[in-house]
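Here is the structure we will look at, set down as structure tokens.
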Amino acid sequence: MGHGHDHFVEATTSGNDVPEALDLSIPDSELSPADNSRRHFLRGAGLLGAGAAAASVLARPGAAAAAGLPHTHDHVGGGSAKGGFSWLAGDHHIHTQYSSDAQYRVLDQAKHGHAYGLDWLVITDHGSATHAKIGVDKVNPDIVKTRSEIRDLLTFQGLEWNIPGAEHATVFVHPGKHEVDVLKRFENAYDGSLLPATNTAAQNEALAIEGIRFLGEQVKARKVDGALFLANHPARRGIDSPHEIRNWRDADPSVAIGFEGAPGHQAAGIPAPNGRGGARGYYDNNPSAASFPGYPLESYRTWGGFDWMTATVGGLWDSLLAEGKAWWITVNSDSHVVYLDQSDRGPGSDFEANGKYDDPVYTCKTLTTAGDFWPGYYGRTNVGSTSFSYRAVMDGLRAGRVWVDHGRLIKGLDARVRQTGDRRRHTGTPLGGVLQVKRGTSTELTLDIDLQDTPNWATFIPRLKRVDVIVGTVTGPVANKDAFTAPDTRVVKSFEISRTSGTVSVSFDLGRLDKPFYVRVRGTDGNRTQPGLMGAGVDPYGPKLDVAGDADPWGDLWFYTNPIWVLPR
């Protein structure tokens with residue numbers, strides 16, 4: 001693949017029709033020989049798993065309805081239209097009074113998230129013996145009530161899974177009559193906190209894989225209409241090894257779809273005396289006996305608020321993408337106890353007996369040492385959806401049609417890859433998608449970014465200063481599943497943004513296709529940068545290492561997109 005010129009253009013793009021080879025609603029037996037061969041190639045490259053397939057099948061408006069997929073919410077919700085999709089902002093990692101280290105009602109978290117601009121969220125109380133026994137059942141009526149009271153907010157029920165032998169993960173399911181039963185059976189059978197302490201590492205890793213497969217089986221058995229897994233704060237303690245991450249994804253790509261590109265707990269970095277004076281995301285750890293020995297010391301800190309696995313160009317996330325694995329990033333709040341809140345747990349609460357704390361009470365004391373923000377206050381996971389529905393959000397996440405940001409850095413984004421010179425409307429492959437073209441065909445990336453013109457919740461208007469285009473070669477499956485570098489991935493172009501309002505449209509010539517590749521995009525306010533860990537030749541102006549005690553989360557803001565693949569046909 002060569003790289004040619006780049007320029008600013010006025011480009012408007014949206015959804016595209018899907019080749020039959022990528023549409024898994026069409027059985028293999030009904031494909032033409034050419035399309036069957038094409039589908040076989042994509043499967044072999046790892047690019048036609050459930051995630052990649054969903055990205056293509058649902059890339060055009062109305063595809064979900066055409067496939068006969070049910071919608072549980074038909075009224076119009078929030079979100080903003082861009083590129084043929086309704087972009088719904090959400091948060092998949094939120095705790096309530098049903099977690100032993102949190103305090104708020106479901107309705108408290110939902111009302112704040114809704115007020116701060118979210119369209120969907122997931123309640124994810126900690127898996128534990130107490131939660132497994134009574135928490136899943138007890139929280140459900142509160143979630144059902146919230147769904148009724150805030151009808152333009154999609155409120156999912158999930159839990160934070162203690163992954164056997166590893167860190168935590170969000171697990172959630174599509175609402176329905178079996179949502180409690182499925183989550184409860186899952187937690188009781190597979191939560192790491194409930195397993196024998198004598199288990200070996202191999203036994204725990206096998207149980208994690210079994211748990212993901214169990215969720216997929218519940219979908220196949222139509223107990224729930226969907227189930228998703230997203231690994232949380234993956235580099236925080238260094239115990240999510242590269243081979244475990246690969247094994248989770250491969251266990252069922254329709255369930256295990258990605259990890260947090262940036263952790264919650266961002267307020268923990270606000271310097272003392274105004275804040276906790278700690279590390280963003282509580283990333284203040286060091287290697288332990290349980291940590292993967294190959295990870296560098298820098299991996300235990302955030303970089304511009306993002307996890308090292310995502311922030312390092314040519315690092316672990318890119319190593320998965322270079323294999324052709326559909327693996328997506330998100331951000332969230334991980335909200336437990338909120339910075340500057342003035343409430344506390346209900347006095348006299350007995351969590352162990354009741355599986356919850358009593359409702360919070362006003363105290364007049366301001367929590368300057370709390371490490372969290374309310375959902376939607378700082379981070380957003382923006383999902384390109386075909387409608388306002390639980391199913392559409394889950395499909396959009398599964399498809400990788402996602403971009404994330406901190407501090408409302410931008411208002412909106414549409415990214416497409418298309419054949420060079422194709423100026424027709426409604427063309428181009430969106431985030432998470434796969435574009436197939438003949439070898440030698442020129443392709444281009446088009447970006448349409450709506451700049452921010454509204455103050456964020458810290459009361460300033462962020463200014464986008466730079467956009468980076470990152471490209472990597474798809475090299476296929478790795479021989480060593482603990483590999484965490486992608487030597488062929490690098491920043492190929494940076495655009496300096498001088499405009500302060502309106503829409504910036506950018507076109508970058510990706511050259512003539514000679515080998516499969518992917519492209520992803522990153523943007524920043526430019527306040528804090530340094531060369532990436534792989535060197536200035538790979539990433540000259542990447543995010544800066546966050547220093548514990550001096551890591552104001554508002555001091556540097558970034559957005560990241562998920563990738564688009566380009567393959568020869």
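The values are calculated or read from the model by the stated rules, or taken from the named source; none is laboratory data. Keep in mind that this is a model prediction, so the values were computed, not measured. FYI the Cβ positions are ideal-geometry reconstructions off the backbone, even for glycines, and counts take in every protein chain you see.
Observations on the model:
- Hits in region 485-528 - residues which are under 23 Å from the mean Cα position of the chain (by Cα) and hydroxyl-bearing (Ser, Thr, Tyr): THR485, THR489, TYR518, THR524
- Of all residues in region 437-459, exactly one satisfies the criterion of being under 19 Å from VAL404 (Cα atoms) and without any contact (Cβ under 8 Å) to a residue 24 or more places away in the chain, namely PRO455.
Residue-by-condition table, conditions (1) at pLDDT 95 or above; (2) basic (Lys, Arg); (3) out of contact with any Leu (no Cβ under 7 Å at 6 or more places or on another chain):
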| position | (1), (2), (3) |
| --- | --- |
| ASP359 | yes, no, yes |
| THR366 | yes, no, no |
| PRO375 | yes, no, no |
| ARG380 | yes, yes, yes |
| SER385 | yes, no, no |
| TYR390 | yes, no, no |
| ASP395 | yes, no, no |
| GLY400 | yes, no, no |
| GLY407 | yes, no, no |
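- Looking only at region 143-186, and only at residues there that are acidic (Asp, Glu) and buried (at least 23 other Cβ atoms within 10 Å of the Cβ), the one that is nearest to GLU260 (Cα to Cα): GLU160
- Verdict on ARG213 being out of contact with any Phe, Trp or Tyr (no Cβ under 8 Å at 6 or more places or on another chain), at positive phi and not acidic (Asp, Glu): no
Here's the yes/no breakdown for (1) at pLDDT 95 or above; (2) in the same structural domain as ASP539 (by TED's automatic domain parsing); (3) in contact with a strand residue (DSSP E or B) (Cβ under 7 Å, 6 or more places away or on another chain); (4) in a loop (DSSP other than H, G, I, E, B):
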residue	(1), (2), (3), (4)
LEU431	yes, yes, yes, yes
GLY440	yes, yes, yes, yes
ASP450	yes, yes, yes, no
PRO455	yes, yes, no, yes
ILE461	yes, yes, no, yes
LEU464	yes, yes, yes, yes
VAL467	yes, yes, yes, no
ILE470	yes, yes, yes, no
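- When we screen VAL171, VAL182 for residues that are farther than 30 Å from TYR116 by Cα and either touching a Leu at 6+ places or on another chain (Cβ under 9 Å) or in contact (Cβ under 8 Å) with a residue 40 or more places away in the chain (or both), the only hit is VAL182.
- Among residues of region 535-569, those that are of a type in the set (Val, Ile, Thr) and surrounded by 24 or more Cβ atoms within 10 Å (Cβ to Cβ), counted: 3
- Within the set GLU298, GLU260, the sole residue that is under 26 Å from TRP554 (Cα atoms), surrounded by 21 or more Cβ atoms within 10 Å (Cβ to Cβ) and of a type in the set (D, E, K, R) turns out to be GLU260.
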